[in-house]
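Shown next, in structure tokens, is the structure this report addresses.
The values are calculated or read from the model by the stated rules, or taken from the named source; none is laboratory data. Model, not experiment: these values are computed from the prediction. With ideal geometry, Cβ positions are generated from the backbone for all residues, glycine too; neighbour counts draw on all protein chains shown. To get the accessible areas, we keep the full protein, side chains included, count just its heavy atoms, and leave off ligands, DNA and RNA. Shrake-Rupley method; radii C 1.70, N 1.55, O 1.52, S 1.80 Å.
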Amino acid sequence: MLAVLCSSLLLVAMDATILNVALPSLIDDMRPSALQQLWIIDVYGLVLGGLLVTTGAIGDRFGRKRLFLAGFVLFGVASVLAATSDSPTQLIAGRVLLGVGGAMVMPSTLSLIRNIFTDPHERALAIGFWAAVAGAGAAIGPLVGGLLVEEYGWSAAFWVNVPVVVVTVAAGIWLLPEYKAAGTHALDWASAALSVVGIVGLAWGIKHVAKNGPAATGVVILVLGALVLTVFVLRQLRLPDPLLDVRLFRSHPFTAAALATLMAMLAAGAALFLVSLWLQYVHGYSPFEAGLRTLPVALATLVGSLAAPRLMHAVGVRAVMGAGLLGMLAGFLLLALSPEPTSYVYIAVFLVTLGLGDGLAITTSASVLVSAVPPERAGQAGAVSETSYELGVGLGVALLGSIHGALYADLMPRGVPEAARESIGGAAEAAAALGGPAGSRLLETARSAFDQALTTTAYVSAGIVAVVTVLVLWLVPKNFKATGSH
């Protein structure tokens, strides 16, 4: 049963990053604008994050196995739609449907684990495998994507999902038990609408304010998203059977776990996105070569995730979660302080520290979130964990990716083609069009600007992780253990 759940999670996690290395060839084929490029990358995470609260509640009420299987079938259909895209609009639509399917799958995996594994120590180990697959999936996405893109083109990054979906759905029908909460009220669709509109509006507003500055549209959407989420919270406090029991956040460890997941993935998601572009455009590696050089983060995430359950039992949640975040902080500081031009040695060490820290922090956080709720509310725990995870990745690419883009544009000298100021991909195209010494000089200038912007963005990421580390160490009691006593 754990293998079935983890195989589905692997695909959903891979799809958050698999296009990172496919983006250059996709750009050459479709010629999307800079804004369309960002949407192609991060709309998946934003849609997925916006729907997780609703799909977690649906699974609790109507059956987690049923939701899991339906979501994975939709994921397969959406993969075909994306793979056959002949325009950026169709590809974005395919990514949206992939996000809907992923939102149905992800909370189901964690909530089924909560019900299948009733022993707290077995559950902690199962969550360790779950977190290892989630983290490693996001990390090996560029490697698998790179291999497929080189051999078969960017559409293969979606076609690879289809056979796995068919096998996993067949196995899931046979193996997985059904669970749903007894005696729950009907789903409150008004709350569902509020949660989706609020989360997506907030994320969209942050994305556009980061990209375009405090322009009127972005600020208005951001404020409206925050207001809608406020109404959502107030409504949940009045309902006898809320879509999301927001009272759970009165628990300091629960709040710390959600916050640690959100902000750790915000920093890590953006880092993997930018490092993939750095490897291809600054150092000229092929998609597969770039993916291979991101493998240290996958291996380190696996080690950190599998070590976390034993460490939690030995030294407690606070120490392990804090150590994970401090490891990530050390990695970002190393990258920020690396001499320019940055060498791959620094990137490799950064990826290892990032993966170890991420594995420790995410596994510990998921254990805290799952153990904080009774089995009949497991979908809510899965929703909070996955919303924090996926929204973190989506916001990281949108926010830190936009900050990096602004820094890059500022470092590019006046007089270069506008496309070269928009992105390093545009600079590579402009340099190829110019040709000769002029093209070489433009490309070298763009590579230097991208490299400098990367190290500066690492300072921002380090600051974010430092603040979260302090908050987590303050919120979690020293001797707190995720025992699953509920």
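Among 84-96, 354-366, what's the highest-first ranking by average C-beta atoms within 10 angstrom per residue?
354-366, 84-96
With every protein chain kept in place and ligands, DNA and RNA left out, what is the accessible area per residue of the chain? Probe 1.4 Å, answer in Å².
Values: 17780 Å² over 486 residues.
That works out to 37 Å² for each residue.
Taking the Cα centroid of region 57-93 and of region 213-285, what is the distance between the two, rounded to the nearest whole Å?
About 22 Å separates the Cα centre of region 57-93 from the one of region 213-285.
In what sequence, highest mean first, do 334-346, 197-209 appear when ranked by Cβ atoms within 10 angstrom?
Taking the mean over residues of other Cβ atoms within 10 Å, the ranking is 197-209, 334-346.
Roll a 1.4 angstrom probe over the protein heavy atoms and tell me the percent of accessible area of the chain that is carbon or sulfur.
Carbon-and-sulfur percentage of accessible area, whole number: 69.
For VAL315 and ALA190, FRET efficiency with R0 = 41 Å and r from the beta-carbon atoms, rounded to 0.05?
Between ALA190 and VAL315 the formula returns 0.40.
Give, as a single signed number, the net charge of other residues whose beta carbon lies under 14 Å from the beta carbon of TYR346, with Lys and Arg counted +1 and Asp and Glu -1.
Cβ neighbours under 14 Å give a net charge of -1.
What full-extension length gain, to one decimal in nm, is calculated for ALA93 and ALA215 as 0.36 nm per residue of separation minus the Cα-Cα distance?
Between ALA93 and ALA215, full extension yields an extra 41.3 nm.
Quick one: net charge around LEU360, please, counting Lys, Arg +1 and Asp, Glu -1 for every other residue with C-beta under 15 Å from its C-beta.
Local net charge: +1.
Taking 0.36 nm per residue of separation and subtracting the Cα-Cα distance, what length does fully extending GLU122 through LEU227 add?
Net length gain for the segment: 33.7 nm.
Local charge sum around GLY439 (other residues, Cβ-Cβ under 13 Å, Lys/Arg +1, Asp/Glu -1)? Present the calculation step by step, with values, prior to reporting the outcome.
Values: positive: ARG441, ARG447; negative: GLU429, GLU444.
Every neighbour counted, the sum reads 0.
Say R0 is 30 Å: what FRET efficiency, to the nearest 0.05, do VAL77 and MET1 get from their beta-carbon distance?
E(calc), rounded to 0.05, equals 0.80.
What does the helix-only formula give at 222 nm for the chain: each DSSP H stretch with n ≥ 4 adding -39500 (n - 2.57), the total divided by the residues, and the result rounded to the nearest 500 deg cm²/dmol? Intermediate values should be presented prior to the final figure.
On the way: 19 runs with 395 residues, N = 486.
Helix contribution divided over all residues of the chain: -28000 deg cm²/dmol.
Is the chain rounded, prolate or oblate when judged by the Cα gyration tensor, a ≥ b ≥ c being the square roots of its eigenvalues, rounded requiring a/c under 1.5 and prolate requiring a/b larger than b/c? Intermediate results must be reported in sequence, preceding the final value.
Numbers: a/c = 1.62, a/b = 1.48, b/c = 1.09.
Taking the square roots of the gyration eigenvalues as a ≥ b ≥ c, the chain is prolate.
Want the number for LEU292 to GLU418: 0.36 nm per residue separation, take away the alpha-carbon distance, what's left? Please report the intermediate quantities before stating the final value.
Values: separation 126, 0.36 × 126 = 45.36 nm, distance 3.21 nm.
Computed gain between LEU292 and GLU418 is 42.1 nm.
Rounded, prolate or oblate: pick one for region 49-150, where a ≥ b ≥ c are the square roots of the eigenvalues of its C-alpha gyration tensor, a/c under 1.5 means rounded, and failing that, prolate if a/b is larger than b/c, else oblate.
Numbers: a/c = 2.97, a/b = 1.47, b/c = 2.03.
Note, shape of region 49-150 comes out oblate.
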